[in-house]
Amino acid sequence: MKKQNKLLAGLAFLFLATLPPVSCVKYDAEPFTGKIMPRMTGYSTGVTNDWLYFNLRTGEVFNRKAPNQEIKEGEQYDRLDWDMAFCGYHIRTNSGASGCGQGGAVDLGYGNYDGWKSASQLPADAAWVTDTKDIYVTYSQADWYHYLVENQLDFDDNPWFDPNSGPQRMLTSANKKLDESMALSGPPMVYTPSHHTYAIRAADGQRYFKLQIVSWYNVNTEIDDTGGELSYYCDELN
């Protein structure tokens, strides 16, 4: 019996000796090299139309620290110094109902973000989608209660959240094509990116950028309360 035990022990030692040290095994994920929203936007900040504006041509960001600081809702229409804006997962371009610019968006299909390098690759017959005022955003609780007071409506008869229909919503301007970049389902609320690549035309109508939404979350932190701090890629098409 002792000889058998010694034999088994020897075989086990030889087997273990052929395995690589555990400390040498690595499972490194590819680091995220894109962009992350500087803050959460949308109704959770207490403001319904809380838009974060980007001038893609200069890198300037408006309303970075708080809603409606540099560009108040409604004032964006007559300005040409922004190209793209976010409110939650909704996206504006400086075009149509959102702005007086020559912006717009076109869907370039699933994935292949790195394959789009130049504006010359864009289809000559691309159907550029401009902004319309038929996108629903969620009312913040504060704005909803203010609306009830203004219109002398009963709070009990008009709750902010209804179990059957969810929170109250209102129409605003945004880009319907870019709204497809994120699918919303639930409850519980689940945000699923389409991983499509989109082309964004700047307000001047002369420069073009590509956009791909990666996650509803800040990918560099644990997924907890960072929902709405989107992770995305955005680069110029030269």
Some residue of the range 81-88 being open to solvent by 40 Å² or more (accessible area, probe 1.4 Å), among the aromatic types (Phe, Trp, Tyr) and not in a helix (DSSP H, G or I): no
Test: residue in the range 152-167 that is open to solvent by less than 20 Å² (accessible area, probe 1.4 Å), of a type outside the set (Ser, Thr, Tyr) and closer than 19 Å to residue 84 by Cα: no
Residues of the range 102-150 that turn out to be open to solvent by less than 30 Å² (accessible area, probe 1.4 Å), out of contact with any strand residue (DSSP E or B) (no Cβ under 8 Å at 6 or more places or on another chain) and part of a loop (DSSP other than H, G, I, E, B), as a count: 1
Complete set of residues in the range 180-196 that are under 8 Å from residue 213 (Cα atoms) and polar (S, T, N, Q): 181, 194
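Give the residue, chosen from 39, 92, that is basic (Lys, Arg) and not in a loop (DSSP other than H, G, I, E, B).
Details: 39 fails: not in a loop (DSSP other than H, G, I, E, B).
Result of the check over 39, 92: 92.
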Residues of the range 187-199 that turn out to be of a type in the set (A, V, I, L, M), more than 15 Å from residue 117 (Cβ to Cβ) and either open to solvent by less than 50 Å² (accessible area, probe 1.4 Å) or assigned to a loop (DSSP other than H, G, I, E, B) (or both), as a count: 1
Looking only at the range 220-235, and only at residues there that are open to solvent by 60 Å² or more (accessible area, probe 1.4 Å) and touching a residue at least 12 places away in the same chain (Cβ under 8 Å), the one that is nearest to residue 175 (Cα to Cα): 235
Enumeration of residues in the range 200-218 that are of a type in the set (S, T, N, Q) and either surrounded by fewer than 14 Cβ atoms within 10 Å (Cβ to Cβ) or over 12 Å from the mean Cα position of the chain (by Cα) (or both): 206
Condition met for residue 131 (without any contact (Cβ under 8 Å) to a residue 24 or more places away in the chain and acidic (Asp, Glu)): no
Any chance residue 93 is β-branched (Val, Ile, Thr), open to solvent by 50 Å² or more (accessible area, probe 1.4 Å) and under 24 Å from residue 210 (Cα atoms): no
Hey, residue 210 outside any loop (DSSP other than H, G, I, E, B), under 25 Å from residue 83 (Cβ atoms) and either among the basic types (Lys, Arg) or touching a Gly at 6+ places or on another chain (Cβ under 8 Å) (or both) or not: yes
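Filter the range 61-79 down to the residues that are in a loop (DSSP other than H, G, I, E, B), open to solvent by 90 Å² or more (accessible area, probe 1.4 Å) and out of contact with any Leu (no Cβ under 9 Å at 6 or more places or on another chain) and list them by number.
Initial filter on the range 61-79 (in a loop (DSSP other than H, G, I, E, B)): 63-74, 79.
The next check asks that each one be open to solvent by 90 Å² or more (accessible area, probe 1.4 Å); those that pass are 64-65, 69, 72.
Hits for the range 61-79 are 65, 69, 72.
The values are calculated or read from the model by the stated rules, or taken from the named source; none is laboratory data. Because the structure is a prediction, the values reported are computed rather than measured. Neighbour counts run over all protein chains shown; Cβ positions are idealised from the backbone, glycine included. The protein model used for the area step is the full one, side chains on, heavy atoms only, and it has no ligands, DNA or RNA in it. Shrake-Rupley method; radii C 1.70, N 1.55, O 1.52, S 1.80 Å.
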